[in-house]
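One structure is given here, and the rest of the page talks about it.
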Amino acid sequence: MRVVVVPVLSDNYAYLLIDDATKQAACVDPAEAHLVLAQAKAEGVQLVAVLTTHHHADHAGGNRQMCKEVPGIKVYGGRIDNVQACTDPLDHEQRFNIGGIEVRALHTPGHTRGSICYHCTHPGVPQGVVFTGDTLFVAGCGRIFESTPAEMHNSLVNVLGALPPDTQVYVGHEYTVKSLQFAATVEPANEKLRQMLQWAQDQQVARKFTVPSTMQNEWLINPFMRSGDDAMKSVCPGCSPVEVFTKLRRQKDSF
């Protein structure tokens, strides 16, 4: 199992999830289908599925073109998310395979009501991967459009947060520097954050990706994941973790 990053639009990430043993692959959020198809051709793989994290056009907008170019391709998406050209609607914890890779759908409402993250594992690979769309970013999370702060908090902390610490995290946008800059204002004493911000800025200058992160890393640097941590209490003294999260999200909206 391996992942190939395919930058699309201005700051989006699409991906190829490849099972090298069978040469089968899925593409994640192929908003610019021609770029993803070209990368699949370069990798010598057969595209068998589209994994759509949510219905917004910068993630699902290439689905119809993928169906046109690859007859019979399956398009997965959340059952209640109204994903473009969806052929296989998914519920929480539903599983399917891409070659030898097992894909597990995680319903993560917050950014959209029907958002799905895809946790992928392979018997021969110790580290799993998760594609988080606009639910979890490196050091950040998506804006809340169709759900409540409590639902987004649960999606981050209890659903994604339950994944093994070494799970590699592939996010939907290159927002890392801005997210870390905000996180550093929230938790200025966090040395790991400062180091990560410098690294991300260096990556940006070198025009390199800041993915993947890991779940372990997110627990260390992501203020939205850490809303129940003692270090976050000053954000909203006497507040519950969900209230701290809600205040952080409101602050980030205007950052």
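When the residues of the stretch 130-175 are filtered to those that are of a type in the set (A, V, I, L, M) and in a loop (DSSP other than H, G, I, E, B), which remaining residue is most open to solvent (accessible area, probe 1.4 Å)?
In the first step, residues of the stretch 130-175 are kept if they are of a type in the set (A, V, I, L, M); the result is 130, 136, 138-139, 144, 150, 152, 156-157, 159-160, 162-163, 169, 171.
Filter once more, keeping what is in a loop (DSSP other than H, G, I, E, B): 138-139, 144, 163.
Working: Val138: 2, Ala139: 1, Ile144: 44, Leu163: 11 Å².
Across the stretch 130-175, the extreme among qualifying residues is Ile144.
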Hey, among the residues in the stretch 92-121 that are of a type in the set (S, T, N, Q) and more than 15 Å from the chain's Cα centre (by Cα), which one's most open to solvent (accessible area, probe 1.4 Å)? Asn97
Just checking, which of Lys192, Lys247, Lys208 is open to solvent by 60 Å² or more (accessible area, probe 1.4 Å), out of contact with any Cys (no Cβ under 6 Å at 6 or more places or on another chain), of a type in the set (Lys, Arg) and part of a helix (DSSP H, G or I)? Lys192
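Listed here are the residues, each with its yes/no results for (1) within 19 Å of Phe224 (Cβ to Cβ); (2) of a type in the set (A, V, I, L, M, F, W, C).
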| site | (1), (2) |
| --- | --- |
| Val70 | no, yes |
| Ala85 | no, yes |
| Phe131 | yes, yes |
| Ser155 | yes, no |
| Tyr170 | yes, no |
Where the second residue is open to solvent by 20 Å² or more (accessible area, probe 1.4 Å) and part of a strand (DSSP E or B) and the first is more than 25 Å from Cys86 (Cα to Cα) and at pLDDT below 95 and lies in the stretch 115-132, which pairs have Cβ atoms under 8 Å and are six or more apart or on separate chains? Gln127/Gln168
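Yes or no: Thr214 β-branched (Val, Ile, Thr), modelled with pLDDT of 95 or more, surrounded by 14 or more Cβ atoms within 10 Å (Cβ to Cβ) and touching a helix residue (DSSP H, G or I) at 6+ places or on another chain (Cβ under 9 Å)? Before the answer, list the steps.
On the way: β-branched (Val, Ile, Thr): yes; modelled with pLDDT of 95 or more: yes; surrounded by 14 or more Cβ atoms within 10 Å (Cβ to Cβ): yes; touching a helix residue (DSSP H, G or I) at 6+ places or on another chain (Cβ under 9 Å): no.
For Thr214, the condition - β-branched (Val, Ile, Thr), modelled with pLDDT of 95 or more, surrounded by 14 or more Cβ atoms within 10 Å (Cβ to Cβ) and touching a helix residue (DSSP H, G or I) at 6+ places or on another chain (Cβ under 9 Å) - is not met.
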Enumerate the pairs (first residue in the stretch 86-101 and at negative phi; second residue anywhere and open to solvent by less than 70 Å² (accessible area, probe 1.4 Å) and aromatic (Phe, Trp, Tyr)) with beta-carbon separation below 6 Å, excluding pairs fewer than 6 apart on the same chain, so at least 6 apart or on different chains. Asp88/Tyr76; Leu90/Tyr76
Conditions (1) touching a Pro at 6+ places or on another chain (Cβ under 8 Å); (2) open to solvent by 80 Å² or more (accessible area, probe 1.4 Å): number failed by Gly228: (2)
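The values are calculated or read from the model by the stated rules, or taken from the named source; none is laboratory data. Every value quoted in this text rests on a predicted model; they were computed, and no experiment measured them. All Cβ positions, even for glycine, are placed from backbone atoms using ideal geometry, and neighbour counts span all protein chains on display. The area values use the complete protein model at the heavy-atom level, side chains included, leaving out ligands, DNA and RNA. Shrake-Rupley method; radii C 1.70, N 1.55, O 1.52, S 1.80 Å.
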